[in-house]
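Participant: Input: one structure, supplied below.
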Amino acid sequence: MERPHLHIIGVLHGDITSLEDAPKNYDDSQRVGILEIFPQYQEGLDGIVPGQTIVVLFWLHQATRDILKVYPRGDRSRGLRGVFATRSPVRPNPIALSELEVRALHGNCVEVSGLDMLDGTPIIDIKKKISR
Ligand SMILES: C[S@@+](CC[C@H](N)C(=O)[O-])C[C@H]1O[C@@H](n2cnc3c(N)ncnc32)[C@H](O)[C@@H]1O
């Protein structure tokens, strides 16, 4: 089978510098930061507007990748669960998905709120949120 080949499209700049300080998930967060999209991918931002919610996929570069069972949200009273039944950052491919509100756009930089990611987290994709 052909090996998947990821292109990192940008990097997050924010004020979350430790895992302890990170909100548990985006629906718990008002934290603001900048998605810096590398110039060769900037054209791909055309059509994104302030006020919109975007779906951003990150590569959790500091995550543990060799554990398949976790206590959801670190709560031992809930028992161990398979990582694929959780939103844990611990998983074989540490891909995270957050729905973020766009506050402003400046060239290749998108200001967003709702962050639950560490400063310096690589960005692997951005998608439109489906509205029902
Ligand atoms: C529970 S995950 C949820 C991620 C994403 N919103 C999702 O649902 O796929 C969020 C947690 O990942 C951890 N985290 C954030 N950035 C990380 C990084 N770059 N590497 C490893 N862990 C990270 C923090 O502990 C944060 O609270």
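Participant: If the cut-off is a Cα-Cα distance under 20 Å, which aspartates and glutamates reach Lys129, setting aside same-chain residues fewer than 8 apart in sequence?
Facilitator: Of all the aspartates and glutamates, those that pass the test against Lys129 - Cα under 20 Å, at least 8 places apart if same chain - are Asp27, Asp28, Glu36, Glu43, Asp46, Glu99, Glu101, Glu111, Asp116.
Participant: Shifting gears a bit: Once you list every other residue whose beta carbon is under 14 Å from the beta carbon of Lys24, what net charge do they have if Lys and Arg are +1 and Asp and Glu are -1?
Facilitator: For residues surrounding Lys24, the net value is -2.
Participant: Return the lysines within reach of Lys69: Cα separation strictly under 26 angstrom, same-chain partners fewer than 8 residues apart disregarded; answer none if there are no such residues.
Facilitator: Lys24
Participant: What is the chain by shape, rounded, prolate or oblate, if you read a ≥ b ≥ c off the alpha carbon gyration tensor as root eigenvalues and call it rounded for a/c under 1.5, prolate for a/b larger than b/c, and oblate otherwise?
Facilitator: In terms of gyration-tensor shape, prolate.
Participant: Could you go through the stretch 34-50 in sequence order and give the Karplus-derived ³J(HN,Hα) for each residue, using 6.51 cos²θ - 1.76 cosθ + 1.60 with θ = phi - 60°, rounded to whole Hz, and x for Gly and Pro?
Facilitator: 10, 8, 8, 8, 4, x, 5, 10, 4, 4, x, 8, 3, x, 7, 10, x
Participant: Next question. Computed from the mean reciprocal separation of all distinct C-alpha pairs, what Kirkwood hydrodynamic radius does the stretch 66-132 have, in Å?
Facilitator: 14.5
Participant: Still on this model: Between beta-carbons, use under 12 Å as the cut-off and find the net charge around Phe84, counting Lys and Arg +1, Asp and Glu -1.
Facilitator: Local net charge: +4.
None of the figures in this text is laboratory data; all of them are computed from the coordinates on show. As the structure is a prediction and not an experimental result, all values here were calculated from the model. Virtual Cβ from ideal backbone geometry, glycine too; neighbours counted across all protein chains shown.
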